[in-house]
Amino acid sequence: MHFAYDTEDVLEFDAALINTAPGASRSGEEELVTTAQLRDLLEEHGWSGRFDRDEQELAEVLEVRRDLRRVWALDRDAMVAAVNAVLDTEELAPHLVRHDGKDWHLHASPSHAPLAARLRLETAFALVDVIRADETDRLRECGAEDCDGVLLDLSRNRSKRFCSQRCANRTNMTAYRRRQAGDTVGRPDSGDAA
């Protein structure tokens, strides 16, 4: 295990949230258009606390998503500045909780705080662990040329390169086609033989 399970949970949620954007999503379209889609994403990742389930909350989460995408690609020192900026501006109330079958874990803000504030703070606390462990290289951008997605690489050998199997397959197929095209260059055409 690289991080505490609640840190990994937050980082996995962050990657999933970032990867709902048009350039990162599996469909290539915006995948966070409705409050129902937001609710489903939150439920899938076990988020608890206040949910307003309105358009304003959705707009605020989309703003958080944009900020998370920017922070995900920062180097360690720049990430420290971004994390400290969040910790300086939001309502902190760290406390241990146990809910939904999960053992004791840390929540950075009160459960009644707006969702966007909780997302920012939970991410900031998770990134504190990443920074302190000097593991920011585990937060990666997808290796596919045509994808803006991100991934959390928790593999032992740090070998994960793609946000999804789809991106890996597409990249491998493109490389295969390039190799095949290169193999045919310079070959005599079988119809030219005398």
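The values are calculated or read from the model by the stated rules, or taken from the named source; none is laboratory data. Keep in mind that what you see is a predicted model, and the values were worked out from it rather than measured. Every residue, glycine among them, receives a Cβ derived from its backbone with ideal geometry; neighbour counts consider all protein chains shown. To get the accessible areas, we keep the full protein, side chains included, count just its heavy atoms, and leave off ligands, DNA and RNA. Shrake-Rupley method; radii C 1.70, N 1.55, O 1.52, S 1.80 Å.
Relative to the dominant Cα principal axis of the chain, helix 35-44 is inclined by about 90°.
For segment 111-127, backbone phi angles converted through the Karplus equation (6.51, -1.76, 1.60; θ = phi - 60°) give residue-by-residue couplings of 5, 8, 5, x, 3, 4, 5, 5, 4, 4, 5, 4, 5, 4, 5, 5, 5 Hz, Gly and Pro being listed as x. Computed over the chain, the percent of Cα pairs more than 21 Å apart is 56.
Taking the charge dipole of segment 1-127 about its Cα centre, with +1 at Lys and Arg Cβ atoms and -1 at Asp and Glu Cβ atoms, the residue from GLY28, HIS112, LEU92 reaching farthest to the positive side is LEU92. Given their separation in residues at 0.36 nm each and the Cα-Cα distance between them, GLU29 and LEU154 gain 42.3 nm when the chain is fully extended. Placing +1 on each Lys and Arg Cβ and -1 on each Asp and Glu Cβ, with no other charges, gives the chain a dipole about its Cα centre of roughly 780 debye. Once Rg and the Kirkwood radius are both taken over the C-alpha atoms of segment 33-132, their ratio Rg/Rh works out to 0.96.
Taking only protein heavy atoms and a 1.4 Å probe, the accessible area of the chain is 49% carbon and sulfur. With the helix formula -39500 (n - 2.57) applied to DSSP H stretches of n ≥ 4, the chain reaches a computed 222 nm mean residue ellipticity of -16000 deg cm²/dmol.
Relative to the dominant Cα principal axis of the chain, helix 55-72 is inclined by about 60°. The Cβ shell under 9 Å around ALA116 holds other residues with a net charge of -1, Lys and Arg each +1, Asp and Glu each -1.
Working value for segment 1-50: equivalent-ellipsoid semi-axes of 22, 15, 6 Å, each the square root of 5 times a Cα gyration tensor eigenvalue, largest first. Summed over the residues of segment 1-108 and divided among them, the accessible surface reaches 55 Å² per residue at a probe radius of 1.4 Å.
Once the Cα-Cα distance is subtracted from the 0.36 nm per residue extended length, the ASP146 to ARG53 segment shows a gain of 30.2 nm.
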